[in-house]
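Asks: Here you go, one structure.
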């Protein structure tokens, strides 16, 4: 019975590191969104806020940049009325930092691609003007070298009563990256292993 109890504690402790994670949020503003049937691309967008990176909380300012490119337009959609673009190989999503503030790395923070179809949605407002949103799931490499996943939502500047004509400005974008943290629950796992050892010694007495 004692052995079963100790084995159960160890079984709980060892896999805990796999479940620890935190969410890092990136906000970008501006930049030119260009699109054709061959795909969408964002250039010149400024990274203006990071929240949750390295325990620094909310950091704002001119922090770096965000750029991306999608695959080709999927049959049945259109640039004007909305549709989906291919993800996967050949696509990219890159977040870079300029090291201008404490907690902001210099160079590439995230380098990845879209994992599936990228959704391009037309939103018609009550006054008859139009916005578009581009949303997609991401996977890639974190600046520490680990593989991470996330999602992005990009909102265009209002195009008035006209439709997207191949180029427009980005109003704002939000990208959320989920970063594993083996250290956090790893400590809990170590604690459980230590507890198992203590209980084993006590049970021998």
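Asks: Compute the distance in nm between two label points, each set 7 Å from the Cα along the Cα-to-Cβ direction, one at residue 171 and one at residue 153.
Replies: 1.2
Asks: I need the peptides 85-94, 52-61 ranked by packing, meaning the mean over residues of other C-beta atoms within 10 angstrom, with the highest value on top.
Replies: Packing proxy ranking, top to bottom: 85-94, 52-61.
Asks: Which FRET efficiency value, to the nearest 0.05, is calculated for residue 72 and residue 32 with the Förster distance at 25 angstrom and r the Cβ-Cβ distance?
Replies: Efficiency, from the Cβ-Cβ distance: 0.80.
Asks: Next question. Could you work out how far apart the two model spin labels at residue 121 and residue 62 are, taking each label as a point 7 Å from the Cα in the direction of the beta carbon, and quote it in nm?
Replies: Label at residue 121, label at residue 62, 3.3 nm between them.
Asks: Under a point spin-label approximation (7 Å from Cα along Cα-to-Cβ), what is the residue 89-residue 144 distance to one decimal in nm?
Replies: Placing both labels 7 Å beyond Cα along the Cβ direction yields 3.1 nm.
Asks: For segment 21-180, what is the Kirkwood hydrodynamic radius in Å, using each pair of distinct C-alpha atoms?
Replies: Radius from the Kirkwood sum: 15.8 Å.
Here, each number is a calculation from the coordinates, and none is a lab measurement. Computed from a predicted structure; not experimentally measured. With ideal geometry, Cβ positions are generated from the backbone for all residues, glycine too; neighbour counts draw on all protein chains shown.
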